[in-house]
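Below is one structure, written out as structure tokens; comments come after it.
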Amino acid sequence: MVSEIEAYRRMLSVLNESGIDYMIVGSFAAIEHGHIRTTHDLDLVVVLSPEQVDELVETLGDEFYLDRESAHEAIERRDMFNAIHFDNGVKVDFFALDSDDEFKYVQFSRRRCIDFAGIPAFVETPEDTILSKLRWYRLTPSERQLTDVQEILRLWEGQLDWNYIDTWAKSIGVDDLLDQVRKEL
């Protein structure tokens with residue numbers, strides 16, 4: 001059986017080899033920034049053309065279930081779709097970059113290249129992970145989002161760009177949540 005990490009490595013390798021722009025977000029981004037916790041899916045923001053969707057489906061077809069029509073529709077709507085590994089059931093969620101959302105566009109432009117289990121991969125910055133998780137909490141409250149934020153703040157103390165965080169927190173309407181989390185630390 002293919003391990004979860006091998007399935008994720010395979011997906012990221014295919015994206016790298018295909019020249020598809022992507023960024024790891026969500027739980028794996030929090031893990032990269034030092035907050036170790038369990039997760040069973042990889043969340044990616046992607047910039048995909050219809051041709052790249054077709055190439056992705058063809059390349060991964062023997063390893064992942066990836067519905068071509070759903071992926072095309074999601075890219076057109078700037079929505080999400082997923083791929084599920086046949087062998088172990090791990091899921092990769094793809095979120096189409098919404099270039100009309102200024103924060104998401106800036107966030108994507110700030111991504112960093114890291115080593116992900118031996119391969120290069122692009123991940124959002126700690127500042128953007130904080131902001132994204134606060135935004136997700138605003139949409140669907142989950143204590144896990146706030147815990148992730150608290151841990152990143154604790155682990156990156158003295159290293160964060162607070163001007164950037166404060167400016168964007170106010171702009172995307174999560175400044176009150178940020179203040180709450182900071183007070184709880």
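Each reported figure results from applying straightforward, stated rules to the coordinates on display, with no laboratory input. Bear in mind the structure is a predicted one, so any value in this text is a computation, not a measurement. All Cβ positions, even for glycine, are placed from backbone atoms using ideal geometry, and neighbour counts span all protein chains on display.
When the helices of the chain are scored as -39500 (n - 2.57) per DSSP H run of n ≥ 4 and the total is divided over every residue, the value at 222 nm lands at -16000 deg cm²/dmol.
Please give the peptides 123-130, 79-86 ranked by average Cβ packing (other Cβ atoms within 10 Å per residue), highest first, as a rough proxy for protection. Spell out each step's value before the answer.
Working: 123-130: 23.8, 79-86: 17.9.
The densest-packed peptide leads the list: 123-130, 79-86.
Each peptide in 4-10, 109-115, 48-54 was scored by the mean count of other Cβ atoms within 10 Å over its residues; highest first, the order is 4-10, 48-54, 109-115.
For E157 and K91, calculate 0.36 nm times their separation in residues minus their Cα-Cα distance, and state this gained length in nm to one decimal.
On the way: separation 66, 0.36 × 66 = 23.76 nm, distance 3.21 nm.
So the chain would gain 20.5 nm between E157 and K91.
The alpha-carbon atoms of the chain, seen along their principal axes, cover 49, 35, 27 angstrom, with the largest extent given first. Take the Cα of E55, step 7 Å toward its Cβ, do the same at V14, and the gap between the two points is 1.3 nm.
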